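Reading through the structure tokens given below for one structure.
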Amino acid sequence: MLEQRDTSPCCLSAAELAKASEGITEHKATKPAWQSFLMAINAGAFIALAFMFYTTALADGHGKLVGGLCFSLGLILCILLSGELFTSSTLTIVAKAAKLVTWKQVLRNWVIVYFGNLVGALIIVGLVMLCRQYDAFDGKWGEVILNTAQHKLHHIRESENYFRGFTEALVMGVFCNIMVCAAVWLSFAGKTLTDKMLATILPVGMFVASGFEHSIANMFMVPAGILIQNFAEPDFWQNIGLQNTQYADLTVQNFIVNNLIPVTIGNIIGGGLMIGFYNWYINCRTGGHTKA
């Protein structure tokens, strides 16, 4: 028998959306590990490709707002083409709050998806280096990568103390995933391709244009900057009128300590708690819709 589908043109209400999120996030948390990992590679690559779109927009003279709207392509691809993205997987806290999964299942999903996203992002970084995409627009493309990557490491490095800088990077991660998970949450309510696409554009455009920090996007941008700094040909540096020593702070250690750790924590708080759990709690928990 064919499954009956809801063909109503109306989107879900807030309460219906919160209830639907329980099943959606339970499915995320309980997928087979191999499937989650392969879908995570997809998502990491999609986000990296979207950052390439963003970079092209900036290198071609467009502003961050246009670049941010271009970047929304990444989340659209993740939603529609079997991508498991860590920042949206933080919403599996909803399934845990509803007692549909255990903390072990949630954390297992996060680890698998996080490292799958890293693999996908690094595949795109490798392809960028092989085709020397950084030379595009007379090297301006690579310069955008370098400057953006370097800026992402400065929250802590330029602060008067480590705690203040760590907090800054963490809060930028919170803001980012409030917007990313708001977009994903809204896409749950959509019933058409157009609904889901439109739900993502403005929230994602806002977070990118504002300079908020997305851990998975940074897995493309900063490693790309590190490789360009170390392996770009001399003619690239001549074209942009800079030296690779100006980007000597682009290292794996600085990336992990100064950016990836605080931003990842912030992403979990912003998406999992402030969007997922909060909206589920006010719409489901108070109505007694949890499973014993």
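Consider residue 282 carefully, then state whether it is more than 16 Å from the chain's Cα centre (by Cα), under 30 Å from residue 99 (Cβ atoms) and not in a loop (DSSP other than H, G, I, E, B).
Criteria met by residue 282.
For the structure I just gave you, tell me whether residue 99 is outside any helix (DSSP H, G or I) and exposed (fewer than 15 other Cβ atoms within 10 Å of the Cβ).
When the stated conditions are applied, residue 99 passes them.
When you go through 112, 123, 76 one by one, which is the residue that is under 14 Å from residue 180 (Cα atoms) and in contact with a helix residue (DSSP H, G or I) (Cβ under 7 Å, 6 or more places away or on another chain)?
From the options 112, 123, 76, the qualifying one is 76.
Going through segment 192-226 one residue at a time, which ones are among the hydroxyl-bearing types (Ser, Thr, Tyr) and closer than 12 Å to residue 255 by Cα?
Within segment 192-226, 215 is the sole residue that qualifies.
Quick one: is residue 255 aromatic (Phe, Trp, Tyr), in a helix (DSSP H, G or I) and in contact with a helix residue (DSSP H, G or I) (Cβ under 9 Å, 6 or more places away or on another chain)?
yes
Checking residue 123 against (1) at negative phi; (2) surrounded by 22 or more Cβ atoms within 10 Å (Cβ to Cβ): exactly one of these is not met. Which one?
Of (1) at negative phi; (2) surrounded by 22 or more Cβ atoms within 10 Å (Cβ to Cβ), only one is false for residue 123: (2).
Taking only pairs six or more apart or across chains, which ones have beta-carbon atoms under 9 Å, a first residue in segment 47-70 that is among the acidic types (Asp, Glu), and a second residue that is not in a helix (DSSP H, G or I)?
Here the result reads 60/137, each pair linking segment 47-70 to a residue that is not in a helix (DSSP H, G or I).
Take segment 73-92 and flag every residue that is touching a residue at least 40 places away in the same chain (Cβ under 8 Å) and crowded, with 24+ Cβ neighbours inside 10 Å.
Within segment 73-92, 74, 75, 83, 84, 85, 86, 87, 88, 89, 90, 91, 92 qualify.
Counting residues that are crowded, with 17+ Cβ neighbours inside 10 Å and small (Gly, Ala, Ser), which helices (runs of 4 or more DSSP H) fully inside segment 134-208 reach at least 3?
Working: elements: 140-152, 154-157, 162-189.
Helices (runs of 4 or more DSSP H) meeting the threshold: 162-189.
Looking at residue 134, is it of a type in the set (Phe, Trp, Tyr), touching a Gly at 6+ places or on another chain (Cβ under 9 Å) and under 23 Å from residue 248 (Cα atoms)?
yes
Bear in mind that the values in this text are calculations on the coordinates, not laboratory data. All of these numbers come straight from a predicted model, not from anything done at the bench. Here Cβ is always computed from backbone atoms with ideal geometry, including for glycine, and neighbour counts include all displayed protein chains.
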